[in-house]
Amino acid sequence: MNLYRYIILGTFATISLISCGESKKDQQEGLQYEKEVPKPQTYAEISVKEGGQWVENTYKDGSFINVPKLEVPENHTDHSGYIRYEGPGWENSQVGYRLYLDWRNAIDVFGKKVDTLVLANVGQPYSGSYHDEAGWGLDILKAGKSLGLGGFGRYINDSVVHFREVDNTLVKINNSNSSSAVKIEYTGWTTRDETIDLSAILSIYPEDRFTKVELSPSVKISGLSTGIVKFEDIPLIQKETQDGSWGYIATYGNQTLVKDDDKLGMAIFYKISEVEKTFKGPHDHLVIFNPIESITYYFLAAWEQEINGITSKEEFVKDLNTKLQKLDKEGEL
């Protein structure tokens, strides 16, 4: 009886081992379990209306759909109602940005109080105005006549020329596992008596608040510029590396639309070799670039109401200096 019992138990053990081996093999071949897909950590989009109609420069009725690329219609201008929140947007878990895809060409900031991706629900008919404070956050910057934060234009005769005269504007969206980007091709941008094409790529990454900007003009042209919207009672912060390779301009203080004591930090990092000068313009703290073939700079916004946000000028400047050291050593963020 004992021998018989051992034979039976051994048989069951062998069957179990075979079954386990087949199970592992099946798992390896993907027959029993599907590989978990990682959630995106960055996001970019552009969303336009369809199903309605143009009435002069306003798009009436219709509903928003996301598109991978967009050739901007000739009759589109500011507040047309055609593009959701007026242009492309991009974000990560800390911050969101949008570019006004019209003559203004300024960049605005979406302050976020959550660490999830939210832009797909911003500016929808069901979500209310993004100018009003919501659980996710809100639009926090007043750009006015400026470039906003990190927008680009051309400085001529003591003022910044935006994008009032452009033959065609094409936007493409790219989302990948490592980053999200908005690429804009401006064809026939006329300023004063000169007409050029300009390519701009704005990229955001999973970590940190910065956007990388790459500008490529078709012709080396003077006066290409970026900047930070200027508030008279907010002083400029500026620093360069000891070897003169990188620098930044920044502001910190009560400079949001949220409330009088709400604090925001904004900064632009630039290669000193690419820059002609920095100075205070009519509406912006400006960085004017040399006439070169390609330009790279970074901008960022740090809002105190972020989750684990920066809440003092000292902390903000410390963060900027850490990034400046990295740019000095590695040449990129």
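Projecting the Cα positions of PHE210, TYR59, THR116 onto the charge dipole of the chain (unit charges on Cβ atoms of Lys, Arg, Asp and Glu, taken about the Cα centre) puts THR116 furthest along the positive direction. Relative to one another, the C-alpha centroids of the stretch 195-212 and the stretch 284-333 are positioned 14 Å apart. Summing Cβ point charges (Lys, Arg +1; Asp, Glu -1) relative to the Cα centre of the chain gives a dipole of roughly 640 debye. Here the chain exposes an accessible surface that is 48 percent carbon and sulfur, computed with a 1.4 Å probe and the other protein chains kept in place.
Equivalent-ellipsoid semi-axes for the stretch 86-206 (Cα gyration tensor, √(5λ), whole Å, largest first): 28, 17, 12. Kindly list the residues of the stretch 113-133 that lie in the label zone of ASN308, defined by a backbone N under 20 Å from the point 7 Å along the Cα-to-C-beta vector. In the stretch 113-133, the label zone of ASN308 (backbone N under 20 Å from the point 7 Å along Cα→Cβ) covers 113-118.
Which FRET efficiency value, to the nearest 0.05, do you get for HIS79 and ARG192 by plugging their Cβ-Cβ distance into 1/(1 + (r/R0)^6) with R0 = 22 Å?
Working: r = 27 Å, r/R0 = 1.23.
Rounded to the nearest 0.05, the efficiency is 0.25.
Evaluate E = 1/(1 + (r/R0)^6) for GLU165 and GLN53, where r is the Cβ-Cβ distance and R0 equals 30 Å; express this FRET efficiency to the nearest 0.05. After rounding, the FRET efficiency stands at 0.70. For the stretch 145-179, the residues whose backbone nitrogen is under 18 Å from a point 7 Å from the Cα of GLU332, taken along Cα to Cβ, are 174-179.
Computed from Cα atoms, the angle from the helix 2-28 axis to the main principal axis of the chain rounds to 20 degrees. About the centre of its Cα atoms, the stretch 188-333 shows a dipole size close to 180 debye [charges on the beta carbon of Lys, Arg (+1) and Asp, Glu (-1) only; nearest 20 debye]. Pairs with C-alpha atoms separated by more than 23 Å, drawn from the list LYS113/LYS259; LYS263/LYS323; LYS69/LYS220; LYS212/LYS277; LYS112/LYS271; LYS113/LYS142, are LYS69/LYS220; LYS112/LYS271.
Counting Lys and Arg as +1 and Asp and Glu as -1, what is the net charge of the other residues whose Cβ lies under 13 Å from the Cβ of SER146? With Lys, Arg at +1 and Asp, Glu at -1, the neighbours total +2. For the chain, the longest principal axis of the C-alpha atoms and the axis of helix 313-330 are separated by about 80°.
Determine the relative contact order of the stretch 102-220: mean sequence separation of Cα pairs under 8 Å and six or more apart, normalised by residue count, in whole percent.
Numbers: 200 pairs, mean separation 21.9, N = 119.
Averaging sequence separation for qualifying contacts and normalising by length gives 18 percent for the stretch 102-220.
Here the spin labels are modelled as points 7 Å beyond Cα on the Cα-Cβ line, and at GLN124 and SER273 they lie 4.7 nm apart.
Entry note, the chain: relative contact order of 14 percent, from Cα contacts under 8 Å with a spacing of 6+ residues.
Using a Förster radius of 41 Å, what is the FRET efficiency between GLN242 and GLU214 based on their Cβ-Cβ separation? Nearest 0.05, please. Each step should come with its number before you reach the end.
Numbers: r = 26 Å, r/R0 = 0.63.
Efficiency, from the Cβ-Cβ distance: 0.95.
Among (i) 55, 47, 44; (ii) 105, 56, 43; (iii) 60, 48, 42, only one was calculated for this model; which label is it, if the read-out is Cα extents along the principal axes in Å? So the calculated entry is the one marked (ii).
The values are calculated or read from the model by the stated rules, or taken from the named source; none is laboratory data. Keep in mind it's a predicted model, so treat the numbers as computed, not measured. All Cβ positions, glycine included, derive from the backbone under ideal geometry; neighbour counts span all protein chains shown. Protein only, heavy atoms only, side chains kept; ligands, DNA and RNA dropped before computing areas. Shrake-Rupley method; radii C 1.70, N 1.55, O 1.52, S 1.80 Å.
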